[in-house]
Amino acid sequence: MTATPNKKRDLLSLSDLDVSEIQMLFKRAAELKASLKAGHTTRSLEGRTLGMLFEKPSTRTRVSFEVGMYQLGGHALFLSSKEIQLGRGETISDSARVLSRYLDALMIRTFAHENAVTLAKFSSVPVINGLSDHFHPCQILADLFTYQEKRGPLAGRKVAFVGDGNNMAHSWILASSKVGCHLTLACPVNYDPDPRVLSMAQRQQEITGAGGSISLTRNPREAVHGADLVVTDTWISMGQEQEQQRRLRAFHGFQVNQSLMQEAKKDALFMHCLPAHREEEVTSEVLDGEHSVVWDEAENRLHVQKAILEWLISGHF
């Protein structure tokens, strides 16, 4: 394992990592995965504790982080905003100062991205964004790792994202600027990604020189044509339930089904961060079909996050 400078690092979006760090995380994730499959675990975080702040409930995020800390010899605390002082009016900044005195790292799953930013600003221990309305860095790292595991590097490959220009779309935009893939996003009118994220990715692309491209279209078939990887996400995220009927109308024609997948390359992969609304954004035929790697993708959250936890808490890869 390679030492990194003794300085607090946070993971709020993919912008917080350079290309070499991403690859080092993937190398370590592969080692941890192979070790676990062989029946071995490491105690690299023995005696360390992760605080998990949840404003939004979760299956994969909670279980993967909690199990990950256990397998590394550490401990994870589930901290619902309804059960701690955050839910009774204490500011995020004050909570960050207090929790930093007890814990070795914090993970937050929240609505407003600014909450994660504020937590990181006032915390003296590393902060991980487990999901916000703008970014989902742990998921995108698991996605990139899964593709690399199955097909090799994404550089120069075509990725099609079909659906809402949401936190996963934003994360894929930043990923494109890091790994140099050709990303096409097919989004309905009024559901485009945030232009500020596109500008951020453009600046990063200039710095990394990774190549690749990012384009937008209203035509899912155009986006998926010749794609190596097809990605979608739910059309109705947590907190958007009141928009359900309007969103279902807006996203009509953007379902990833077998007909759409036929536009992609024959060996194309399909990804979805889950939970999936079957027969809405994706059909069961695709989700359970030969192109789908969603279950491997979900599992890899565990292995990648263990690598992240080791790096941020111990300062080592």
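Looking at Leu86, Leu106, Leu25 in this structure, which one is outside any loop (DSSP other than H, G, I, E, B) and either closer than 19 Å to Phe145 by Cβ or of a type in the set (Phe, Trp, Tyr) (or both)? Even if it seems obvious, please write down each step before you answer.
Working: Leu86 fails: either closer than 19 Å to Phe145 by Cβ or of a type in the set (Phe, Trp, Tyr) (or both); Leu106 fails: either closer than 19 Å to Phe145 by Cβ or of a type in the set (Phe, Trp, Tyr) (or both).
Every option except Leu25 fails the conditions.
Confirm whether Asp143 is in contact (Cβ under 8 Å) with a residue 40 or more places away in the chain, of a type in the set (D, E, K, R), closer than 22 Å to Phe254 by Cα and assigned to a helix (DSSP H, G or I). Here the answer is yes, as Asp143 does meet what is asked. Within region 115-126, restricting attention to residues that are among the hydrophobic types (A, V, I, L, M, F, W, C) and under 19 Å from Ile313 (Cβ atoms), the residue that is surrounded by the most Cβ atoms within 10 Å (Cβ to Cβ) is Ala116. Residue under question is Ser64, and the condition is that it be surrounded by 15 or more Cβ atoms within 10 Å (Cβ to Cβ), part of a helix (DSSP H, G or I) and of a type in the set (S, T, N, Q); does it hold? It is true that Ser64 is surrounded by 15 or more Cβ atoms within 10 Å (Cβ to Cβ), part of a helix (DSSP H, G or I) and of a type in the set (S, T, N, Q).
Return the residue satisfying two criteria in turn: it lies in region 152-209 and is of a type in the set (Asp, Glu) and assigned to a loop (DSSP other than H, G, I, E, B), and of such residues it is farthest from His277 (Cα to Cα). Break it down into steps so the answer makes sense when it comes.
Within region 152-209, the first condition is being of a type in the set (Asp, Glu), and the residues that meet it are 164, 192, 194, 206.
Still in the running and assigned to a loop (DSSP other than H, G, I, E, B): 164, 192, 194.
Values: Asp164: 14, Asp192: 21, Asp194: 24 Å.
My answer is Asp194.
Identify the single condition in (1) buried (at least 24 other Cβ atoms within 10 Å of the Cβ); (2) outside the structural domain of Phe26 (by TED's automatic domain parsing) that Asn129 does not satisfy, given that it satisfies every other one. Result: Asn129 passes all but (2).
The condition of being at pLDDT 95 or above and within 29 Å of Lys178 (Cα to Cα) does not hold for Arg48. The residues on offer are Ser81, Ser64, and the sole one that is in contact (Cβ under 8 Å) with a residue 24 or more places away in the chain, under 19 Å from Met238 (Cβ atoms) and touching a strand residue (DSSP E or B) at 6+ places or on another chain (Cβ under 7 Å) is Ser81.
Only residues in region 257-270 that are in the same structural domain as Ser284 (by TED's automatic domain parsing) count as the first member; pair them with residues that are of a type in the set (D, E, K, R) and part of a loop (DSSP other than H, G, I, E, B), Cβ under 7 angstrom, at least 6 apart or cross-chain, and list the lot. Qualifying pairs under 7 Å: Lys265/Asp228; Ala268/Asp228.
How do the helices (runs of 4 or more DSSP H) wholly within region 241-317 filter down when requiring 1 or more residues that are buried (at least 22 other Cβ atoms within 10 Å of the Cβ): which remain?
Numbers: elements: 244-250, 258-261, 284-287, 294-309.
The helices (runs of 4 or more DSSP H) meeting that bar are 258-261, 284-287, 294-309.
The residue that is surrounded by the fewest Cβ atoms within 10 Å (Cβ to Cβ), among those in region 82-106 that are more than 19 Å from Pro126 (Cα to Cα) and not hydrophobic (A, V, I, L, M, F, W, C), is Gly89. Apart from one condition, Ala227 fits all of (1) surrounded by fewer than 17 Cβ atoms within 10 Å (Cβ to Cβ); (2) farther than 18 Å from Gln139 by Cβ; (3) not charged (D, E, K, R); the exception is (1). Restricting region 11-61 to residues that are among the aliphatic types (A, V, I, L, M) and free of Cβ contacts under 8 Å to residues at least 24 places away in the same chain, the residue that is nearest to Gly239 (Cα to Cα) is Ala34. Of the residues Thr184, Thr146, Thr208, the single one that is hydroxyl-bearing (Ser, Thr, Tyr), outside the structural domain of Ser20 (by TED's automatic domain parsing) and at pLDDT below 95 is Thr208.
The values are calculated or read from the model by the stated rules, or taken from the named source; none is laboratory data. Since the structure is predicted, the reported quantities are computational estimates derived from the model, not experimental observations. A quick note on method: Cβ atoms are made from the backbone with ideal geometry, for glycine too, and the neighbour counts reach across all protein chains shown.
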